[in-house]
Every structure is written in C-alpha cells, then in structure tokens.
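First the structure, which I've put down as structure tokens, then a few questions once you've had a look.
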Amino acid sequence: MNVKDQVNNMKNSNAVQAVKALLRPTWKAIKEGKAYGILILSTILMAIFIPMNFFITTMFNFLSVGLDNDFFKGFTFYTLIDYMKDGYFKHIGAALILGLFICLIFFIIKAIIAIFIVSNATVKSTKAFVEQGAPVSVGQYFKLSVNELLKFSWGLFVNVFLPVIIVSIIGAIINLIPGIKGSAGAALINSFLYYGLLFRYIAIVLNIDGDSAMQLKAKYWLAFALVIYLVTSFISFAIVKDILDIGFMMFSVLVLTKNPYYTGEEIRDKVNS
C-alpha cells in the first residue's frame, strides 16, 4: 500500500469522518452564513503582528541565549553588560537597550490587541451573527471588540491563561527531576487544557454554566483541539495557529447557542433544569 492509499484510508476512516461531521456546521456558517467577515477581520488583526513577532522573538533570543549568527555567536545581553562595564560598545549598548524597551512596548501592545481585543471581537461578533441571523459589519465588529473589554480580558486571564501558566510552571519544576520530561508533558496537557478552558469561558460569557458546558459538549471541543494539535504539529507557521484559534472561538459560540448550524437545546435544557 502506497502513501496515497494510506492517506485516503485515513481520510475515509470512521474517526476522521466523525470529526468532520462535528466541525462541518462551523464551515457552513462561515461559508454559507457569511460569517467569514469575522474570520477575515480577526485574521488581519493577527497578521499585522507577524513582523512584530519576528522582532520580539529575535530580541528575546538575544536576552536569553544570544543570536545564532556567526558574527554574534556567544554574544548575549549579559556579555553586553560586561563590555559596557569595561567601557566598550557604549553606543551600541544604548541602542540595544532602547531596542529591548521598544520590544517590551510592542509585546504589551500585541498582548492587548492580538490576545484580548481579537478574542473579545471574535466571540461577541459571532454571538451577534447568531442573534441577528445576518453578517456582522466592519463597524459592528470593531464596536463589539471593545464591548466590556476589561471584564472579558480579566475573565480570560483568570479562567484560561492562569491555569495554563500554573501547569507550565509545575511541568518546569518536575522537569528538574532527572529522567522526567515534565515540560514536554505539561506542553501536551496544555494543548488540550487551553481549549477546554477556553470553551468553558466562552460558555460563561454566553451566560451558560461553564462546567456543564465543558462536560456535555466535550466531544466537540476535544475534536477541534485534536485537529489544532495535529495541524500545528506539522505546520509551524504562527498565522495558521492564529486562524485555527479564531475558528475555535467561532465554533464554540456556534456550538453553545441556538442557531441553524448547531443546536444548544441539549445543554440549555440540562443546565437550566
């Protein structure tokens, strides 16, 4: 059996078909329901930060391990400090420190817009799309992006990012034990924990019991999380991960609400009973 036959067999397997059946309504909403405007606007806002990501990553690498370039081999932020103490590279050092400061500012701007504003806009716009049964305009999208932004951002941090950070720290501590790959284990757990907690938080934003939603609709968010994990394991481009994350937020709202694409009757009946 050649590779092509193996790929076709995998595509036609019951497991893959089951996952496609769970995710297909979201694609239908994006394509036929014209919710693609939300996906496009959120993707554009994320794509703006691609050059900034390169700059931030380069500067953080310089801070920690130095650059890979042969000219700068072994030259890190700490060796720079030593040179400056000895009176060398004063002007270069000042420029690099200014660069690090700019990097920090960029990182904060990116965090506010790419993480909190885009997430808020995606969730609120998809909710509006469901409620009005029509595409969301550009003006409406940006208006919703700042709607209760502080409340949404704080909830997102406490309910989603904080638990993931804690698991990562625990993994790093366990990783200190010889022979145990704690960080790798934490990364694998976080790849699914993040989406489960994000699904739960979106339910809370929609005034649905988050814990019940997470349990009753586990097959949905787990299927999408698995797809994201597999795709990002082979494709390392950050924008691909961003698009999938945006898609997951839209998917979550559609799964949890009453709309023509998914039904929320099962979860609402059980939560409200």
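Which of the chymotrypsin sites (Phe, Trp or Tyr not before Pro) across the range 196-254 are loop residues per DSSP, with 14 or fewer other Cβ within 10 Å? Could you put the intermediate results ahead of the total?
Values: sites: Phe199, Tyr201, Tyr220, Trp221, Phe224, Tyr229, Phe234, Phe237, Phe248, Phe251; in loops: Phe237.
Passing both the DSSP loop test and the Cβ count: Phe237.
Ranking request for peptides 31-39, 154-162: highest mean number of other beta-carbon atoms within 10 Å first, then the rest in descending order. Show your work: numbers first, answer last.
Details: 31-39: 17.4, 154-162: 15.1.
Averaged packing, sorted descending, gives the order 31-39, 154-162.
Now for a different question. Please report the accessible area of Leu149 (heavy atoms, 1.4 Å probe, ligands and nucleic acids excluded) in Å², nearest 10.
Here the accessible area works out near 40 Å².
May I pose another question? In nm, what is the difference between 0.36 nm times the number of residues separating Phe234 and Phe192 and their Cα-Cα distance? Kindly include the intermediate steps, with their values, before the conclusion.
Details: separation 42, 0.36 × 42 = 15.12 nm, distance 1.69 nm.
My answer for the length gained is 13.4 nm.
The values are calculated or read from the model by the stated rules, or taken from the named source; none is laboratory data. Please read all numbers here as calculations on a predicted model, not as lab measurements. Please note: Cβ atoms are built from the backbone with ideal geometry, for glycine as well, and neighbour counts cover all protein chains shown. Surface accessibility is based on the protein's heavy atoms, side chains included, excluding ligands, DNA and RNA. Shrake-Rupley method; radii C 1.70, N 1.55, O 1.52, S 1.80 Å.
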